[in-house]
Every structure is written in C-alpha cells, then in structure tokens.
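Okay, so here's the structure we're looking at.
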Amino acid sequence: MGIIKNILKRVLKESIIVEKQKISETAYKIRVKSEDIKNAEFVAGYFLRVGIGLTEESLTMQDFVRSYSVWEIDQTNGTLDLAIATHSNGSGAKWIEQRKVGDKVYFTWKKGNFIVDKSADSYLMVGDLSALSHLYMIRRNLPKDRQIESILYSQHKNEVYADIDGTTPFEFYELPQNPTEEIINKIKEIIPKLKGKTIVYVGGDSRVCVALNQFFRRELNWDTKLIKTKPFWNPDKKGLE
Ligand SMILES: Cc1cc2nc3c(=O)[nH]c(=O)nc-3n(C[C@H](O)[C@H](O)[C@H](O)COP(=O)(O)OP(=O)(O)OC[C@H]3O[C@@H](n4cnc5c(N)ncnc54)[C@H](O)[C@@H]3O)c2cc1C
C-alpha cells in the first residue's frame, strides 16, 4: 500500500486547504488552492475524485476515493470550493470532519455529462444535500433569463446551506429519504408552469434518479436528451464513481 500511495501522490494533483467552515448542521465547505486549478479547462458540473485514503492512513481501497462536485472556482487565484455532507457517516464524512486548514488534498478532475447545458428555456432541478452544491453551480452558470424551478430536500431544514453568494434560490422541502412519491406529486404541480424547452437535472439518491428518469421517459414521454440524472450515492454501496 505504501508504494501505491507514493505513486498516486505523484500522479494526482496536490492542493492545500486554505479555508474550512461548517455551513449547516451536516455539511462542511472547504476551499483548496493549487496551481493546477489556474490552468484547468473547466465547465460547471465538473467534479473531483479526491484521494481521501492518501491523507487518512487507516482507509482500505474501497474507501480510498470519493467524488465531490466543484461548488465554485476562482481560476485567477487557483482556488475551488467543495461542500461535503456528512449524513452517510462513512469514510468521506469522517475525512472532512478531520480535515484542517493547511492539510493536503489530492485529486483528479472528472468531467462527465451532468454539466451545464444552456440550450433550454426552463429548468427543473431535483436533488438532496449531496447534490446541492452541484445544482447551485449549474444554476449560477445558466443565463439569467432562464426559468428555474426546483425541488431540493433533506430530512431537516437546518441541514441545508445557502449558495456561495449567500442566496437561497431553490425551493427546499423537509422530506424523508427516498421520497419519490412526494417528489413526483410536486413535479406534477410544477410541469404546467414550465415554459418552452425544459431540461430536468436530478442528482443525489440513486433510487430517486432511477424513479424520476422512468417517470419522465415513460409517463411524460420526454426525450432522453432533456433528462439529466446523476446518482451520487446508493444505499447498498459505498462511494460511487
Ligand atoms: C459525481 C458525484 C459528485 C458528488 N458530489 C458530492 C458533493 O459535492 N458533496 C457531497 O457531500 N457528496 C457528493 N457526492 C457523494 C460522495 O462522493 C460520497 O458518496 C458521499 O460523501 C458518501 O461517502 P462516505 O464515504 O461518507 O459514505 P460511504 O462509505 O460511501 O457510505 C456509507 C453509507 O452511507 C450511505 N450514504 C451515502 N451518501 C449518503 C447521503 N447523502 N445520505 C444518506 N446516506 C448516504 C451509503 O449508501 C452507505 O450505506 C458525489 C458523488 C458523485 C458520484
């Protein structure tokens, strides 16, 4: 494991935590700084694969890497922000609780398809706390004239945090885990209000992603290009991606 760690440290990008803040009952923000961030080709919706096992000695391979979305990026200063939820109580949650300013964070960039798409007139954003920073980032990067409706949920409202600029542009609901039925009922209320071409983003609990994907495709007959889903976690698995 020692040799692998040394190789990985050379392959992955290195950054330093320059700020850490508790932003809600169950979430932390960290700002990391690295020369690599200045020159990265970046699109809103990109995320990082963080080698948490490189700074947490006790972790096994299964817990070695966790994915975190870029919440905000400042390429002039070479910094980016992550928002990490601790609901899971897993290795990633423990890793963020223990991190402090000055610690190193090793990462690689991941692009994927769950990124900003400016081609629609209106948007519907659905997700839980794990996907909140990702959806905030996408929203901030859409043209200002677009209609944006949202269903963000968590079990308790004090778990939710405001966006990086202090605004709270999303509709928040206190809902239990996997609240597919409640979400579909709310979507049915929102659909008639959506104007023109609509894209839906669904991120977070894999069960909700699957159920909503089916709902939009089978019940509403939406074109698959308009449905963007990204499972961030799965109740039967550790880490995803
Ligand atoms: C593309 C992508 C981007 C992501 N971006 C972010 C991000 O910006 N912020 C963020 O906080 N997470 C994000 N995640 C999720 C993150 O990678 C971890 O999966 C999550 O932090 C849980 O890791 P863990 O090691 O703490 O728990 P694990 O060891 O992975 O899981 C322990 C247990 O907790 C459950 N669990 C995991 N997540 C949750 C949850 N949210 N609520 C309830 N139970 C849960 C698991 O099913 C498992 O049973 C992202 C995931 C992906 C795939």
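Taken together, the values in this text are just the output of simple stated rules run on the coordinates, not laboratory data. If you're wondering where the values come from, they're calculated on a predicted model, not measured in any experiment. Note that we place each Cβ from the backbone using ideal geometry, even for glycine, and neighbour counts take in every protein chain shown.
Scaled against 2.2 N^0.38 Å for its residue count N, the alpha carbon radius of gyration of the chain is 1.01. Ordering VAL43, ALA162, VAL210 by Cα displacement along the dipole of the chain toward the positive end leaves VAL43 in first place; charges were set at the Cβ atoms of Lys, Arg (+1) and Asp, Glu (-1). Net charge dipole, region 115-182: roughly 320 debye, given to the nearest 20, about the Cα centre with Cβ charges of +1 for Lys and Arg and -1 for Asp and Glu.
Of the GluC sites (Glu not before Pro) found in region 4-110, those in coil by DSSP whose Cβ has at most 11 other Cβ atoms within 10 Å are GLU41, GLU57. Listed by chain and number, the lysines whose alpha-carbon sits under 27 Å from that of LYS193, ignoring those within fewer than 8 places in the same chain, are LYS118, LYS144, LYS157, LYS225, LYS228, LYS230. Name the residues whose placed amide hydrogens come within less than 5 Å of the amide hydrogen of GLU72, ignoring near sequence neighbours (fewer than 5 apart) on the same chain. For GLU72, whose amide H was placed from the backbone, the distant partners under 5 Å are ASP81. With a/c under 1.5 counting as rounded, go ahead and sort region 133-192 into rounded, prolate or oblate using the C-alpha gyration tensor (a ≥ b ≥ c being the square roots of the eigenvalues; past the cut-off, prolate if a/b is larger than b/c, else oblate). Taking the square roots of the gyration eigenvalues as a ≥ b ≥ c, region 133-192 is oblate.
In order along region 107-116, the phi-based Karplus estimate (6.51 cos²θ - 1.76 cosθ + 1.60, θ = phi - 60°) of 3J(HN,Hα) comes to 8, 10, 7, 10, 9, x, 10, 8, 10, 4 Hz; Gly and Pro are listed as x. Over region 122-233, the alpha carbon radius of gyration divided by the compact-protein estimate 2.2 N^0.38 Å works out to 0.99. Sorting THR224, THR198 from the fewest to the most surrounding beta carbons within 10 angstrom yields THR224, THR198.
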